[in-house]
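Every number here is computed from the coordinates shown, using simple stated rules; none is lab data. Note that the coordinates shown come from a computational prediction; the quantities given were computed from them, not determined experimentally. Cβ coordinates were reconstructed from backbone atoms using ideal geometry, including for glycine residues, and neighbour counts include every protein chain displayed.
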Amino acid sequence: MLSSCNSLYLTTSDMLYGTRSSPSKSVFIAWRRLSRRTILLSRYLGIDTIFIHDSPPYLRAFLSTLNIVRRGRYNSILAQLPQGPLLASLALLKKLYKFKLFVDVHTGFLVYDNFKGYILNRPFYTMLSYCNNIILHNHTIYEEVVPPRLRERCIVVYDPWFLLEDFKKYCPSVCEEHEYVVFPASFAPDEPIDEVLSVLSRMKKIKVYVTGNANKHRDIVMKYKSSNIIFTGYIPDEEYYRLLCCAKAIVAGTKREYTALMSAWEALAFNKPLALSYTKTLYRIFAGYAYFYNLRNSKSVEDAIINAISSSQPAKEIYTKLKNETIQQLNQLKKYLHTT
């Protein structure tokens, strides 16, 4: 455990996933929030993750990162973006310590929901040119958002979703309850909470568990909480994945283009039918597996949920195709990471 800045040092053994056979000369650094994707990528690549919990202006995070880089003498460093100041810090330190810099670019670094997101990230956009490789989450954002001058540095890598199958160990041998759907929610601005729950509130025969911390959205809870819509609040991984194990289907969605949802990958990992909002990005990945709905059409939302619940078996060939693609992408990233 690092003492400064409430840093959390995670080895692969800390992450429930096993251990490495030898020390790594690479590390994954994240500030403020640690994503599930970062943890899964670290596991597959066999490297450690250092999470530094701090807030703007990130002075303590910078000093902690400086200490980590100076002591670690890493060959390669991966950064979880956003935040923009993390990229600026590592771009500066790269000149001093001569490591290879990789950035895993979440959508929020390139596409902005609000002025705050723009201010915190857009000024750092040009610093992507200092990176050895830019890791993107899907092909659509590569083709439509990333400027041509940066594309040769880019590699598309899907979330290592198949590693989530490890959590099937939490599945009960017999499901006491299984006539329900799960709506995994982070209550982020891009989530179609109102659009989906307004439809589900009229589908009285369908029980839905809405996961995620809704403390800042008590208005949503008060509006939709009922006998068939249950807000779980934050629940531990063990309880969350047990909930997924016994669900009839998963409902997921985003209002924002270029976003690939972890909840959609979870549906694939747990072999669950999926009702999913239509975007070009999501359709390109999950076509043939998910039942897509139009957020602006409540009948479309209802039909997708009903079709998902009524589905007997998700498309196994799509599962196999996406798993093969993801492993190929991850192995390419691993090759770049360990190439001197």
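What the table shows:
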quantity	calculated
Nearest-ten-degree value, helix 84-97 long axis tilted from longest Cα axis of the chain	30
Ranked by how many other beta carbons lie within 10 Å on average, peptides 28-39, 172-183 from highest	28-39, 172-183
Nearest-0.05 FRET efficiency for Leu59 and Asp113, computed from C-beta distance (R0 30 Å)	0.70
Of all DSSP beta bridges in the chain, antiparallel share, percent nearest 5	10
Mean projected area in nm² (Cα convex hull; one quarter of hull surface) for segment 112-155	3.4
Helix-only mean residue ellipticity at 222 nm for the chain, each DSSP H run of n ≥ 4 adding -39500 (n - 2.57), per residue, nearest 500	-11500 deg cm²/dmol
DSSP-assigned coil residues among trypsin sites (Lys or Arg not before Pro) in segment 50-79, each with at most 10 further Cβ atoms within 10 Å	Arg73
Crossing angle, helix 36-45 versus the chain [Cα axis fit, 0-90 degrees, rounded to tens]	60
Residues in segment 51-92 reached by a label modelled at Ser129 [backbone nitrogen below 20 Å; 7 Å Cα→Cβ]	84-92
Principal semi-axes in Å for the chain [√(5λ), Cα gyration tensor, largest first]	35, 21, 20
Loop trypsin sites (Lys or Arg not before Pro), segment 78-138, which have at most 14 other Cβ atoms in a 10 Å radius of their Cβ (DSSP)	Lys98
Acute angle (nearest 10 degrees) that the helix 316-338 long axis makes with the longest principal axis of the chain, alpha-carbon atoms	10
Packing rank of 46-52, 186-192, where each peptide gets the mean count of other beta carbons within 10 Å, highest leading	46-52, 186-192
Mean-position separation - Cα centroids, segment 233-274 and segment 67-86, in angstrom	30
Max mean-square fluctuation residue, GNM over the chain, Cα-Cα springs under 10 Å, options Ser298, Ser277, Ser227	Ser227
